[in-house]
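The block underneath contains the structure these notes are about, expressed in structure tokens.
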Amino acid sequence: MIHLDTNFLIQISLSGSAAHKHFARWATAQETVNVSTIAWAEFLCGPMDATADALARQVFPQPEPFLPADATLAASLFNETGRRSRSLADCMIAAVAMRCGAKLATLNTGDFQPLTSHGLILA
């Protein structure tokens, strides 16, 4: 199972991008791919046109919800990795992926690297 970070989700719509190629490969291999509601909310902030919005909703009809246990884990990750400015949303996205046993696909590996020592696996 693969969960997508917001930046990766945005890039899969760009034909020829590395993210698009990875996504196509995962689809061919019938890999389960999803997105957390945290990344989904960031994605929906846009900008995007109506076609991209409709396509994304078709591909990801059920984003994985953010649960109370995820909030606890995200806070722990945030505190244990130095309370880095603007990293709380990343910790929330990572917590959902970790609960689901999913690898996280991101273009910002540096942002998520500190979380790998706490159990996050990057795709």
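Here are the numbers:
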| quantity | calculated |
| --- | --- |
| Residues of segment 77-123 satisfying the condition of being surrounded by fewer than 18 Cβ atoms within 10 Å (Cβ to Cβ), free of Cβ contacts under 8 Å to residues at least 24 places away in the same chain and not aliphatic (A, V, I, L, M) | Asn79, Arg83, Ser85, Arg86, Thr109, Gly110, Gln113, Thr116, Ser117, Gly119 |
| Residues of segment 46-89 satisfying the condition of being within 20 Å of Leu104 (Cβ to Cβ), among the charged types (D, E, K, R) and assigned to a helix (DSSP H, G or I) | Asp70, Glu80 |
| Members of segment 81-97 that are at pLDDT below 95 and within 10 Å of the chain's Cα centre (by Cα) | none |
| Some residue of segment 31-49 being acidic (Asp, Glu) and farther than 22 Å from Val96 by Cβ | yes |
| Of the criteria (1) in contact (Cβ under 8 Å) with a residue 12 or more places away in the chain; (2) in a helix (DSSP H, G or I); (3) more than 23 Å from Pro114 (Cβ to Cβ), which one His20 fails | (1) |
| Residue selected from segment 13-57 under the condition among the polar types (S, T, N, Q) and surrounded by 13 or more Cβ atoms within 10 Å (Cβ to Cβ), by the criterion farthest from Met92 (Cα to Cα) | Ser17 |
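Results for (1) under 16 Å from the mean Cα position of the chain (by Cα); (2) more than 16 Å from Asp5 (Cα to Cα); (3) among the polar types (S, T, N, Q), shown as yes or no for each residue.
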{"site": "Ala19", "(1), (2), (3)": "yes, no, no"}
{"site": "Glu42", "(1), (2), (3)": "yes, no, no"}
{"site": "Gly46", "(1), (2), (3)": "yes, no, no"}
{"site": "Pro63", "(1), (2), (3)": "yes, no, no"}
{"site": "Ala69", "(1), (2), (3)": "no, yes, no"}
{"site": "Ser76", "(1), (2), (3)": "no, yes, yes"}
{"site": "Leu107", "(1), (2), (3)": "yes, no, no"}
{"site": "His118", "(1), (2), (3)": "no, yes, no"}
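The values are calculated or read from the model by the stated rules, or taken from the named source; none is laboratory data. Given the structure is predicted, the values throughout are model-derived calculations rather than measurements. Glycine gets a Cβ as well: all are built from the backbone with ideal geometry, and neighbour counts include every protein chain shown.
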